[in-house]
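**Student:** So that we are looking at the same thing, I have put the structure below in structure tokens.
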Amino acid sequence: MKIANSSTTAVSLVKAALSRIEETKEWNIFTFVDKKAALERAEEIDARIKKGETVGRLAGVPYALKANFLSKHRPADASVKILTEFTSPIDSTTAEKLDKEDAICVGCVNMDAFAHGSSTENSYFGPTKNSTDKTRVAGGSSGGSAVAVALDCVQFATGSDTGGSIRQPATFNGIYGIKPTYGTISRYGVVAMASSFDVIGFLAKSASDLDLLMSITAGQDPKDQTSLPDYYGADDTKLDKKSVGYIKEFMDSPALDPEIKSALESKLSALRAKGYDIVELSMPTLEYALPTYYIIQPAEVASNLSRYDGIRYGFRTKELNAPDKTPLDLLFENTRNEGFMRENKRRIMIGNFVLSSGFYDAYFLKAAKARTLIINEFNKAFEKVDAILSPASPNPAFKLGEKVDDPVSMYLEDVMSVTANLAGIPAIAFPAGTNKAGLPLGLQIMGPRRSDKNLIKLVEELA
Ligand code: GLN
């Protein structure tokens, strides 16, 4: 990471970021650019450096916030109409910690509305395009974050990962992305998607940058009761078995792109050459990971989105007249109808269905049990191996428009990434070359809970 010091000024770093943002407008990355505030902050940091004062570990480093991170002074709309007029009274804990280390937020980046999606096409502001090929998707939901980093608008960006939203766009754009162990980084001040899956993480250009960001932001937060006491840097998992596994069922999957498969095989050979045992793991319950995720996640989405009623947050409908309906009913109905995107509504419908009496036992409860089996299967695997190497998504970036009208094929994008969220384990996406067409390929490495730092070291070995 380029950090401001006596030879590089924060102002020059921010100016370079702002001009890159200007040059890359066609990609539709930023939903808000905080030019004036970023430059003022850079000047203030430079003045402190000049005076010889100590500055933070991220002095002058320009970064972008995914649009679901709340900020008092910036829009926090999660790329959805229903939050467009919302002004947040709070800042997210993550941004507070980054700002304390003198990083400079230059703006907010595009995402799938409420983080529902795998391509960033489901945004109120239109799709973000892939960094390598503008006819292809950025991946999602943190597509803006990934492309902002890949095209050097910023040195890192925040992300959230409920089922793959950091890792899949990282692989589509040839960069690194970490989904930490559930609870490692406070979720306070981030728009909730599905609370038992959501984690905060980062997208950056190297594993060591991810390490620095984790060491700054990990830790318990009294404002997030699911946050873990800080373990980062003192991980109790040693990863000293010197063995890495791969999942047989993923390798045999007909959905897996052959070039991703061979990238994975060559990483396994590289590990073998370094003295690692390579173990084939059969994990048959992972067949149920995607259906399990797409039952529990919408149930949690439906609950989290019930708060958007047109009264407490942002946008409110103007359509309050209709025969046979009270203005209050219309306020709820029309605000939600006009304010949510189609995919948000689909998840609310599915979520309420699987939670409704009569269906709860057959769907939600069953899925909760399947989730436990999946957790157990990972625990068993980690008795044998330190880590598991796998694809993050079965394919490289697909064409814009290709899956947008076919929700099931979009959901299938997540078939390999949701596993880590179901189990709450850390997973890091990293680049693994390009395919014949020049598109970036990437993989992910998963480890036991709290092995985040050791996983980063493993990724460095693989680079
Ligand atoms: N693509 C997945 C979904 O649509 C994951 C999204 C995410 O991680 N926020 O649910």
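**Student:** How much area per residue is accessible in segment 307-407 when the probe is 1.4 Å and only protein heavy atoms are counted (Å²)?
**Tutor:** Result: 57 Å² of accessible area for each residue.
**Student:** Follow-up. Quote to one decimal, in nm, the extra length available between Val279 and Glu44 on full extension: 0.36 nm per residue of separation minus the C-alpha distance between them.
**Tutor:** Taking 0.36 nm per residue and subtracting the Cα distance, the gain is 79.3 nm.
**Student:** How high is the relative contact order of segment 57-110? Use alpha-carbon pairs under 8 Å, at least six apart in sequence, and give a whole percent.
**Tutor:** It rounds to 50 percent for segment 57-110.
**Student:** Something else now. With all distinct Cα pairs included, what does the Kirkwood hydrodynamic radius of segment 151-292 come out to in Å, to one decimal, could you say?
**Tutor:** After inverting the pairwise mean of 1/r, the radius is 17.3 Å.
**Student:** Another question, then. For Ser356 and His73, what does the FRET efficiency come to when R0 = 45 Å and r is the distance between their Cβ atoms, rounded to the nearest 0.05?
**Tutor:** 0.65
**Student:** A further question on this structure: Using a 1.4 Å probe on the protein heavy atoms, what percent of the accessible area of segment 18-172 belongs to carbon and sulfur?
**Tutor:** Percent of accessible area from carbon and sulfur atoms in segment 18-172: 50.
**Student:** Would you mind counting up the charge near Phe340? Only other residues with Cβ under 13 Å from its Cβ, with Lys and Arg at +1 and Asp and Glu at -1.
**Tutor:** Local charge sum for Phe340: +1.
**Student:** Next question, about the same structure. What FRET efficiency do you get for Lys241 and Leu320 if R0 is 60 Å and r is their Cβ-Cβ distance, rounded to the nearest 0.05?
**Tutor:** 0.40
**Student:** OK, next. Run down the aspartates and glutamates and flag those whose C-alpha is under 19 Å from the C-alpha of Lys25, throwing out any fewer than 8 positions away in its chain.
**Tutor:** List returned: Asp34, Asp112, Glu121, Asp133, Asp152.
**Student:** Scan around Thr31 for amide H atoms under 5 Å from its own, H built in the peptide plane at 1.01 Å from N, and keep only partners 5 or more places away or cross-chain.
**Tutor:** Sorted by chain and number, the residues that satisfy this are Cys108, Val109, Asn110.
**Student:** For the chain, what does -39500 (n - 2.57) per DSSP helix run (n ≥ 4), summed and divided by total residues, give at 222 nm, in deg cm²/dmol to the nearest 500?
**Tutor:** Counting only the DSSP helices, I get -11000 deg cm²/dmol.
**Student:** Return the FRET efficiency for the residue pair Ala270, Asp152: r is the Cβ-Cβ distance, R0 is 30 Å, and the value is rounded to the nearest 0.05.
**Tutor:** Efficiency, from the Cβ-Cβ distance: 0.60.
**Student:** Ordering His116, His73 from largest to smallest accessible area (1.4 angstrom probe), what's the sequence?
**Tutor:** His73, His116
**Student:** Within segment 427-463, report the trypsin sites (Lys or Arg not before Pro) that DSSP leaves as loop and that have at most 11 other Cβ atoms within 10 Å.
**Tutor:** Of the trypsin sites (Lys or Arg not before Pro), the ones in loops of segment 427-463 whose Cβ has at most 11 other Cβ atoms within 10 Å are Lys436.
**Student:** Place the peptides 347-356, 325-334, 60-69 in order of packing, highest mean first, counting for every residue the other Cβ atoms within 10 Å and averaging per peptide.
**Tutor:** Put in order of decreasing packing, that is 60-69, 347-356, 325-334.
**Student:** Given H placed on each backbone N at 1.01 Å, which residues far from Asp277 in sequence or on other chains put an amide H within less than 5 Å of it?
**Tutor:** Here Ser243, Val244 satisfy the definition.
**Student:** Can you give the direction-averaged projected area of the convex hull of the alpha-carbon atoms in segment 1-123, in nm²?
**Tutor:** 8.0
**Student:** So what is the relative contact order of the chain, in percent, for Cα pairs below 8 Å that sit 6 or more residues apart?
**Tutor:** Computed value for the chain: 18 percent relative contact order.
**Student:** Just to confirm, what accessible area per residue do you get for segment 189-287 at 1.4 Å probe, in whole Å²?
**Tutor:** Heavy-atom accessible area per residue stands at 44 Å².
**Student:** So, one more: Classify segment 391-440: rounded, prolate or oblate, from the alpha-carbon gyration tensor (a ≥ b ≥ c, eigenvalue square roots; a/c under 1.5 rounded; otherwise prolate if a/b is larger than b/c)?
**Tutor:** oblate
**Student:** Greater than 28 Å separation of Cα atoms is the criterion. Which listed pairs, Lys369/Lys403; Lys81/Lys366; Lys274/Lys403; Lys241/Lys436; Lys345/Lys403, meet it?
**Tutor:** Over 28 Å Cα-Cα: Lys369/Lys403; Lys81/Lys366; Lys274/Lys403; Lys241/Lys436.
The values are calculated or read from the model by the stated rules, or taken from the named source; none is laboratory data. These numbers come from a predicted model, not from an experiment. In this analysis, Cβ positions are derived from the backbone assuming ideal geometry, glycine residues included, and neighbour counts consider all displayed protein chains. For the accessible areas, the whole protein counts, side chains as well, though only heavy atoms, and no ligand, DNA or RNA atoms are used. Shrake-Rupley method; radii C 1.70, N 1.55, O 1.52, S 1.80 Å.
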